[in-house]
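Here the structure comes first, spelled out in C-alpha cells, and everything after it is commentary.
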Amino acid sequence: MKQYDEKDIEKILQNHSIELFDALQYYDKDMYTPIIERNCEKDKYDYFDLAHQALENDANSWNLSNLLIDFIPYTKVNLDTILQFYKLLHFKENGTSIHFQITKSLVSNNQTLAKKLLEKLVIIENAFIIPHIAAILIELHNSNDESQYKTIIDYLKSNNIIQQQCAISYIHLFDFSDDELKEIFELFKEKAKLSNAEIDRALLYSSYDLIEKGCEYFSEILLLYIDNNDIEIKFNLSQILMYASKKHITKEWFRELFNSIIDVDIDKQHVIFNIESVLKEFLKLDDYDFIRDFLYKWVEKGNLSSISSKNTLSTFKHEFNEHKLFSKFVTESLVYESAKLHKVLVDLIQKDIKLNADIMQTWNKDDYLYVCRKTLGYFYEFKTMNTLIFSMLSVENLSDDIKNIIFEVLVNHIGKDYSYDTLEYFKTLEDSKLNKNEMQAKDIVIEELEKRNKQIKNLPILKELTPPSQQNRIISRTNSIAMQKAMDKSGEDSFLSSLFSKILIRYGKGSFSEIDGKFSDVMYLQSFSHSVTMPNATRTHPVDHELERFSFRMVKKGQ
C-alpha cells in the first residue's frame, strides 16, 4: 500500500487525479480537511465526475462515497454527471444509506438545486432514484417550509412501485403531524395487506423507525406479517426484533411477533443469529416463563431438535447454562413428556447441573422413575448423569420406594457402567455436607461397588488372554506418566523456565471484537472434553446396551 504525505495529497488535489480517493481513505477527516480547504475552490471542478471516473476504475465505492461528501461544498454542479454517478454507485454499492447522505449534503440549504435535481429524477424509471428523491423531499419539507405531505400521500396511493418506495423508505424523517401520520398509517395497512414483495421490506423497517419515533401504533403493521412464511420476511422481522429488544421487549406486540418466527428452519443462520440475540435479552430480564414456553414451542413446531442444531445458539447456550434459572428449566424439561425436547436438552446442557429441589418436591414416584430413565437413555457423560441423579436426594422426606429407585440407578446402572468414576466420586464426598438421603446413598454405593470390584479382582485372568494392543497401551501409559513426572521435576529449578512468564487468559473460551474503541460481547466457543469415559457396556454387550438406552428414551410416564 502506497504511503502519501501532505505534499503528495496537495499535488493530487491540484492535478484532479482519481488517485485522490485512494490517498485519503486511510487518513482521519481532521487531517485532510485543512488540506481540502487550502487547495479546493468552490465551483471550479466537478468532483462527481472525478468520483464517477474512480468508480469506473474499481475504486472502493463505500470509501469513495464517504470522501465525496467532504468535496460537495466545493464541487461544480453538473446535473448530468451527478445522475451518471448516482446510477453507477447504485450498481456498485446498493442497499446502504450513503446514497441518501450524498444527496442530503448536496441539496442542504439549496432549494433551487433541490428542485432542479428533483425535476430530473422524477422522470427516470429506475430504482437508483429512490433515496435521492426522498432526500430532496425531506429537505424541502423540513427546511424550506414547503410541505410535501400531499406528494407523499399521492406516492403512497400510486400504483408505481418506485414512487411507493420513495414515500415509504424514509417516512420517519419527515416532520409530519400526528394526524398526518395516522393517515399514513392507514395507507400502510392497505399496502401491507397486499403482500407485495417489492415494498414489504420498506414497510417493515419504516414502521419500526416510526415506532422508535414514538408512534407505537405502527406495531400493528408488523403484526400483519405474522403469518407470512417468506424467509426474507422472517429475517426482516427477526432483525427488527433484535434492534427493538432493549426498548420494547416487555411489550405485548413484541412478544407476539417473536413467537411468530419459531417455525423458521434451523439452517437459516442469519435468522437464528437474531433470535439468539433476543433470547439473551430475555435472560437478562430473568423472564423464565417466556424463555421456557418459546423453546418448547420452537422444539415442537420447528426443527430445533435436528442434527443441524448442534452448532446453533452457542452463545445463548453458554449464558443460559450459567443462569440461575437453568436448573429449573432442565428439571421441568426432563419430566416433560417430549422426545424432541429431551433430544434438544442433551445438546443444551454444557455443564454438570443439579435438578431443582423445589420442583422435585411436587413429583411423585412415576416422575422420579421417568426422569431416571430419560437420564439413562439420553446422556452419556458420567458427570452429567451422576450429578442429575444424585441431586434427586437433596429432596427431604423421600419415600423408601423413590430412594430405592435412585439407589438402583446409582449402583446397577451408573455404578456398573462407570464403576471407577462412581466409586471415586462417592469416596470424595464429605459427610458433613451431606443430608440423610445422600449419606445413605454414599454408604450403599461404596459398599456395593467395592464388593463387586473385589469379586472381579478375585477372578483368574491369564496374561496370555490380554490383547497385545491393550498391553501396549498399558506400557505406553506407564512410561508417559513417568516421563511427565521427571519433566515436571526437572523444570522446577530450570534456568530456562525463569525466562518465561505465564500469561493468564481470563476469557480463554471465547472471543470478542473491537470497533472504534467499543468492545462487543464475548462470543463463547463450544465447550468440549479432552476425554470421555465410555460405559463398560459399550465394550461387553454394546447391542444390548443401546437397546436398553432406546427403551429408556421411548418409555412413557407411568409404564
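Scan the stretch 431-454 for residues that are among the polar types (S, T, N, Q) and surrounded by 13 or more Cβ atoms within 10 Å (Cβ to Cβ) and report the count. Number satisfying all stated conditions: 3.
Filtering the stretch 411-423 to residues that are crowded, with 17+ Cβ neighbours inside 10 Å and of a type in the set (Phe, Trp, Tyr) leaves only Tyr418. Screening the candidates Glu212, Glu232, Glu216 for the property of being more than 24 Å from the chain's Cα centre (by Cα) and of a type in the set (Asp, Glu) yields one hit, Glu216.
Table: residues versus (1) surrounded by fewer than 18 Cβ atoms within 10 Å (Cβ to Cβ); (2) in a helix (DSSP H, G or I).
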residue	(1), (2)
Leu304	no, no
Phe316	no, yes
Val330	no, yes
Val346	yes, yes
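For Lys2, the conditions (1) of a type in the set (Lys, Arg); (2) surrounded by 12 or more Cβ atoms within 10 Å (Cβ to Cβ); (3) at pLDDT below 85 are fulfilled apart from (2).
Matching residues to (1) modelled with pLDDT under 90; (2) over 23 Å from Leu88 (Cβ atoms); (3) charged (D, E, K, R):
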{"position": "Ile18", "(1), (2), (3)": "no, no, no"}
{"position": "Leu24", "(1), (2), (3)": "yes, no, no"}
{"position": "Met31", "(1), (2), (3)": "yes, yes, no"}
{"position": "Glu37", "(1), (2), (3)": "yes, yes, yes"}
{"position": "Phe48", "(1), (2), (3)": "no, no, no"}
{"position": "Ala54", "(1), (2), (3)": "no, no, no"}
{"position": "Asn66", "(1), (2), (3)": "no, no, no"}
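I'd like the residue in the stretch 70-128 that is open to solvent by 40 Å² or more (accessible area, probe 1.4 Å), in a helix (DSSP H, G or I) and hydrophobic (A, V, I, L, M, F, W, C) and, out of all such residues, is farthest from Glu37 (Cα to Cα). Only one residue fits best here, namely Ala127.
Restricting Phe407, Phe426 to those that are free of Cβ contacts under 8 Å to residues at least 24 places away in the same chain and either of a type in the set (A, V, I, L, M) or surrounded by 18 or more Cβ atoms within 10 Å (Cβ to Cβ) (or both) reduces the list to Phe426. In a residue-by-residue description of the stretch 28-37, the property of being open to solvent by less than 10 Å² (accessible area, probe 1.4 Å), out of contact with any strand residue (DSSP E or B) (no Cβ under 7 Å at 6 or more places or on another chain) and in contact (Cβ under 8 Å) with a residue 24 or more places away in the chain applies to at least one position. Scanning the stretch 200-232 for residues that are open to solvent by 10 Å² or more (accessible area, probe 1.4 Å) and hydrophobic (A, V, I, L, M, F, W, C) gives Ala202, Cys215, Leu223, Leu224, Ile226, Ile231. Which of the numbered conditions does Ala134 fail, given that it passes all the others? Conditions: (1) of a type outside the set (Ser, Thr, Tyr); (2) under 34 Å from the mean Cα position of the chain (by Cα); (3) within 27 Å of Tyr27 (Cα to Cα). Among (1) of a type outside the set (Ser, Thr, Tyr); (2) under 34 Å from the mean Cα position of the chain (by Cα); (3) within 27 Å of Tyr27 (Cα to Cα), Ala134 violates only (3).
Confirm whether Phe174 is more than 29 Å from Ile231 (Cβ to Cβ) and either open to solvent by less than 10 Å² (accessible area, probe 1.4 Å) or in contact (Cβ under 8 Å) with a residue 24 or more places away in the chain (or both). Explain how you work it out, then say what you get.
On the way: more than 29 Å from Ile231 (Cβ to Cβ): yes; either open to solvent by less than 10 Å² (accessible area, probe 1.4 Å) or in contact (Cβ under 8 Å) with a residue 24 or more places away in the chain (or both): yes.
The answer is yes for Phe174.
Residues that are without any contact (Cβ under 8 Å) to a residue 40 or more places away in the chain and of a type in the set (Ser, Thr, Tyr) within the stretch 135-171 comprise Ser143, Ser147, Tyr149, Thr151, Tyr155, Ser158, Ser169, listed in sequence order. Within the stretch 348-358, how many residues turn out to be open to solvent by less than 30 Å² (accessible area, probe 1.4 Å) and either small (Gly, Ala, Ser) or at pLDDT below 95 (or both)? Result for the stretch 348-358: 3. Listed by first and then second residue, the pairs linking a residue in the stretch 268-284 that is hydroxyl-bearing (Ser, Thr, Tyr) to a residue that is assigned to a helix (DSSP H, G or I), with Cβ atoms under 8 Å apart and 6 or more places separating them unless they lie on different chains, are Ser277/Met242; Ser277/Ser245. Here is the figure for the stretch 245-277: residues that are modelled with pLDDT of 95 or more, under 26 Å from Lys324 (Cα atoms) and among the aliphatic types (A, V, I, L, M) total 1. When restricted to residues that are outside any helix (DSSP H, G or I) and touching a Lys or Arg at 6+ places or on another chain (Cβ under 9 Å), the stretch 332-344 contains 1. In this structure, Ile184 does not satisfy being among the aliphatic types (A, V, I, L, M) and surrounded by fewer than 21 Cβ atoms within 10 Å (Cβ to Cβ).
The values are calculated or read from the model by the stated rules, or taken from the named source; none is laboratory data. This is a predicted model, so every value here is computed, not measured. Methodologically, a virtual Cβ is constructed for each residue, glycine included, from the backbone with ideal geometry; neighbour enumeration extends over all protein chains shown. Ligands, DNA and RNA are stripped out before the accessible areas are found, and what is left, the full protein with its side chains, is counted by its heavy atoms. Shrake-Rupley method; radii C 1.70, N 1.55, O 1.52, S 1.80 Å.
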